[in-house]
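Below: one structure, written as structure tokens.
The values are calculated or read from the model by the stated rules, or taken from the named source; none is laboratory data. These numbers were taken from a predicted model, which means no experiment stands behind them. Here the Cβ positions follow ideal geometry from the backbone for every residue, glycine too, while neighbour counts run over all protein chains shown. Ligands, DNA and RNA are excluded from the accessible area calculation, which covers all protein heavy atoms including side chains. Shrake-Rupley method; radii C 1.70, N 1.55, O 1.52, S 1.80 Å.
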Amino acid sequence: MRMLRRRSKSLAWLRLGALVAGVVLVGASVGLSILGARDDRATLDSGLMREDRKHTEAINEYFGRARDLMLLQAQNPSFADFYASAGTRIDKVAAGNAHLDQAVHSLAYLEDLYGGRIGEICFIDHSGAENARLVRGKRATFSSLSLNESANPFFWPTFAVGVGQVYQAAAYISPDTHDLVISNSTLVPGLPSGQQAVIHFEVSMASFADITADPGIRFMIVDAPTGTTIADSRMLAGASAGSVDDGHAFAALAKSGRDNGVTTIGDVRVAFDHLKSTKTNANDWYIIAAAPALNAGFGGYFGARTLILVGAALALFIFALASFRGYQRRLEHAAVTDALTSLPNRNMLCDEVEQALTAKRRNGGAVAVLVVDLDRFKEVNDTLGHHYGDQLLTAIGPRIRSVLRDGDTIARLGGDEFGLLLRSVHGPAEAVDVANRILARLSDPFQVGDLALQVEASIGIAISPQHGNDYTELLQHADTAMYVAKQSGLGASLYDTALDSHDPRRLLLLGELRRALDNGELVMHYQPKTFLSTDELRGVEALLRWNHPLRGLMLPDDFIPYAEHTALIQPLTDWVIERAVTDIKGWLDAGREIAVSINVSTRSLHDHRLCDSIAEQLQRHNVPSRLLIVEITETAIMTEPAKAREVLVALDEMGVEVSIDDFGTGQSSLAYLTTLPIHELKIDRSFVTHMRSRADDAVIVRSVIDLGHNLGLRVVAEGVEDHDTREQLYEAGCLIAQGYLWSRPLAVDALDAWLQSRDVVRQ
Ligand code: C2E
Ligand code: MG
Ligand code: MG
């Protein structure tokens with residue numbers, strides 16, 4: 001057992017260790033991943049920014065170079081010579097002109113400079129009519145020349161910026177190449193007055209797509225005013241760069257107002273640079289370097305290896321957590337389960353009852369709590385052994401369960417005691433009915449090993465709200481009722497408020513009484529019984545007192561009934577027996593033979609240990625049994641007559657006399673009592689006290705005396721306080737009496753003094 005416990009303890013540490021390791025690993029992985037990711041991202045960002053800056057510089061270089069070239073071209077004298085040469089412009093164009101050819105030749109040189117990027121080059125008159133055009137290096141025929149280029153976006157702005165300036169138009173679809181293009185145009189300087197001409201060339205946007213050297217980085221140009229991607233390295237030359245899916249995201253970037261930086265758009269990490277438009281350059285662009293592959297989602301952010309690490313750590317963590325939770329659940333289960341029977345234990349019953357009470361408070365109705373206690377279970381344990389006892393206890397649960405409804409609970413409270421919750425009952429009658437059915441189910445013999453065991457039980461019932469509103473109160477009252485059931489032999493008993501005191505001091509008092517036993521706060525007083533004829537001492541009655549440190553001397557009626565409902569009555573009775581026998585011995589040693597009557601409560605009378613305890617004390621103190629008399633009430637006998645008879649017979653065999661106390665108050669039949677080995681009747685004080693004033697009581701007393709004597713019993717009158725009563729009793733034939741007339745109950749010293757004073761009077 002200890003080995004198992006140690007093993008499960010070390011397993012628990014192992015699980016805890018795994019859990020902690022999992023947590024640390026997850027924490028470390030995530031931490032490292034974040035740090036790593038930060039590093040990765042910083043590296044990526046600086047790479048992107050570097051790349052982006054490169055692109056921006058390249059584009060700026062293009063614009064600058066294009067401007068320079070344009071201006072250089074425009075200074076070529078062949079343009080001015082063409083205009084200066086004779087003939088109308090249209091004739092010269094139609095018929096051909098050496099200056100014009102020269103001009104076209106110089107324009108074609110641009111093609112060489114821009115290697116395949118240029119779509120169209122033209123020389124246009126200020127009327128908008130083309131003088132010459134080159135499309136991808138091919139000169140257009142006269143008939144295909146456009147008569148009006150003035151609708152093109154570059155045309156009028158070129159005039160607006162004036163001679164010596166280059167106008168760089170925003171991207172548009174070329175009417176000649178049908179590509180998305182940007183263009184450069186400038187006015188030809190030095191023309192004859194009244195003449196104006198434009199030279200112009202287009203560069204396809206697609207040609208910008210391949211300026212990046214790094215294939216891992218995507219390069220884009222986004223037109224800021226429209227948010228359209230006008231160049232994209234993914235599409236390269238030839239593709240339609242104008243319809244890029246993520247245009248909207250970049251439009252947002254365009255609207256952000258930031259001129260450069262690094263940001264994430266969708267699942268793309270981008271470095272961007274804003275190239276603003278100017279008076280001479282209409283292009284308003286975002287030059288963007290993006291790393292879509294690296295920035296794709298969580299995986300890209302943390303890196304695949306990091307993800308695997310985090311995943312593994314998470315798996316370990318979840319495993320450890322699940323395992324630990326399982327262990328915890330087992331612990332929790334053990335905390336609410338009885339180990340032997342696997343039934344819920346007291347804790348779980350408490351929870352269930354409280355839950356049921358809460359539900360009832362909301363919905364109305366009653367909850368019943370039952371306490372089932374097996375009769376004589378100890379005998380099974382003592383005679384057959386614990387193995388049989390355990391098997392029997394395990395078999396009880398299923399039997400009771402078979403009578404209950406699904407929502408009801410059966411718990412083992414400990415020992416041979418079971419607690420039941422009936423979640424919904426309509427009233428006491430229903431609960432009593434369930435209890436009776438349980439008793440019926442339990443009355444079938446239990447097959448334990450090769451034995452058929454007959455089990456009897458007593459059931460106490462308490463119902464909310466009349467008997468209590470919480471678990472403690474209901475259980476306590478069901479327990480009290482169970483004891484009454486045992487006492488009365490009824491089997492099942494419903495709690496009756498009259499049975500128990502609602503005095504809140506009760507529990508406190510019981511706790512104190514437990515201490516009182518250990519602290520020697522209990523004291524025994526003795527009250528003399530005298531022969532009426534001679535006034536000689538017949539014996540004394542031992543009457544218990546509690547010398548309470550705060551309340552003073554407490555009388556038995558104030559604490560014995562409480563003790564009677566608990567197991568405390570047993571040590572208390574043992575104490576009384578030992579005290580009385582010790583005092584008898586003390587008097588014997590002092591030369592006095594005094595018979596002592598002790599009072600034994602109902603519960604003790606039904607406890608087979610009573611006889612053992614008496615026998616042991618008599619033997620230990622070497623006291624003859626005839627000097628001890630046991631007083632019991634009629635009710636104690638009638639509660640469980642069979643048990644009472646067993647004990648009375650055993651006492652009789654020991655030579656201990658039995659007296660029926662408080663005779664006349666109970667419901668017993670004298671005829672039945674005489675079948676028991678009894679020796680004395682004590683007429684209850686209530687009759688004696690009033691026999692002077694009430695004729696009825698006097699009649700009862702007289703008849704009890706006669707009847708008792710006729711049956712060969714000693715008759716003792718209790719509570720004699722005055723001489724008249726004494727006289728009446730004497731005349732009625734009563735031989736022995738007890739009462740304040742002679743003495744109140746006295747402590748041993750006081751009794752000794754009282755006895756001595758009488759001895760002196762006699763002498
Ligand atoms: P009881 O056995 O009937 O004891 C007689 C009670 O009558 C005692 O009360 C006694 O003090 C009281 N008494 C005696 N003579 C007179 C009298 O002339 N006038 C009046 N008014 N009362 C008189 P006490 O000591 O308070 O005990 C009360 C009951 O407590 C006892 O009734 C007995 O049933 C119980 N008791 C006392 N000692 C013990 C004990 O050790 N164990 C148990 N289980 N019960 C005890
Ligand atoms: Mg008595
Ligand atoms: Mg009495």
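Observations on the structure shown:
- Spans of strands (runs of 3 or more DSSP E) in the stretch 517-565 with at least 1 residues among the β-branched types (V, I, T) and within 15 Å of ligand 3 (Cβ to nearest atom): 537-548
- Among residues of the stretch 390-418, those that are outside any strand (DSSP E or B) and either at pLDDT 90 or above or within 29 Å of the chain's Cα centre (by Cα) (or both), counted: 20
- Residue check, A132 touching a Leu at 6+ places or on another chain (Cβ under 7 Å) and surrounded by 16 or more Cβ atoms within 10 Å (Cβ to Cβ): yes
- Residues that are β-branched (V, I, T), outside any loop (DSSP other than H, G, I, E, B) and crowded, with 19+ Cβ neighbours inside 10 Å within the stretch 615-635 comprise I629, V630, I632, T633, listed in sequence order.
- Residues satisfying the stated conditions in the stretch 656-667, i.e. touching a strand residue (DSSP E or B) at 6+ places or on another chain (Cβ under 9 Å) and either away from ligand 1 (no atom under 16 Å from the Cβ) or not assigned by TED's automatic domain parsing to the domain that holds S613 (or both): none
- Residue in the stretch 545-556 that is in contact with a strand residue (DSSP E or B) (Cβ under 7 Å, 6 or more places away or on another chain), touching a residue at least 12 places away in the same chain (Cβ under 8 Å) and more than 12 Å from ligand 1 (Cβ to nearest atom) present: yes
- The stretch 436-450 residues that are over 16 Å from V371 (Cα atoms), paired with ones that are open to solvent by 50 Å² or more (accessible area, probe 1.4 Å) and at pLDDT 90 or above (beta carbon under 6 Å, 6 or more apart): V448/Q391
- Here M638 passes the criteria (1) touching a residue at least 40 places away in the same chain (Cβ under 8 Å); (2) closer than 23 Å to L713 by Cα; (3) open to solvent by 20 Å² or more (accessible area, probe 1.4 Å) except the one numbered (1).
- All helices (runs of 4 or more DSSP H) inside the stretch 296-375 with 2 or more residues being closer than 30 Å to L490 by Cα, in the same structural domain as G407 (by TED's automatic domain parsing) and modelled with pLDDT of 65 or more: 346-363
- Hits in the stretch 652-682 - residues which are touching an Asp or Glu at 6+ places or on another chain (Cβ under 8 Å) and more than 16 Å from ligand 3 (Cβ to nearest atom): Q667, P677
- When D607 is tested against (1) away from ligand 1 (no atom under 14 Å from the Cβ); (2) part of a loop (DSSP other than H, G, I, E, B), exactly one condition is not met: (1).
- Across the stretch 166-187, not a single residue is classified as modelled with pLDDT of 85 or more, open to solvent by 50 Å² or more (accessible area, probe 1.4 Å) and of a type in the set (A, V, I, L, M).
- Spans of strands (runs of 3 or more DSSP E) in the stretch 124-224 with at least 1 residues among the polar types (S, T, N, Q) and touching a residue at least 40 places away in the same chain (Cβ under 8 Å): 130-135, 166-173, 180-187, 197-204
- Qualifying positions in the stretch 689-713 - under 24 Å from V630 (Cα atoms), within 16 Å of ligand 1 (Cβ to nearest atom) and either open to solvent by 30 Å² or more (accessible area, probe 1.4 Å) or out of contact with any helix residue (DSSP H, G or I) (no Cβ under 6 Å at 6 or more places or on another chain) (or both): T689, V704
- Scan of the stretch 86-129 for residues that are closer than 20 Å to G194 by Cα and open to solvent by 20 Å² or more (accessible area, probe 1.4 Å), ordered by number: A86, G87, T88, R89, I90, D91, H99, H126, S127
- Residue check, A644 more than 13 Å from ligand 1 (Cβ to nearest atom), under 52 Å from the mean Cα position of the chain (by Cα) and assigned by TED's automatic domain parsing to the domain that holds I705: yes
- Highlighted here are the helices (runs of 4 or more DSSP H) found entirely within the stretch 657-760 that include at least 2 residues which are within 14 Å of ligand 2 (Cβ to nearest atom): 685-689.
- Residue-level check: of (1) within 16 Å of ligand 3 (Cβ to nearest atom); (2) at pLDDT 95 or above, L628 misses just (1).
- Residue in the stretch 723-739 that is surrounded by fewer than 18 Cβ atoms within 10 Å (Cβ to Cβ) and farther than 15 Å from S533 by Cα present: no
- For the stretch 376-389, the tally of residues that are under 39 Å from the mean Cα position of the chain (by Cα) and closer than 22 Å to R441 by Cβ stands at 3.
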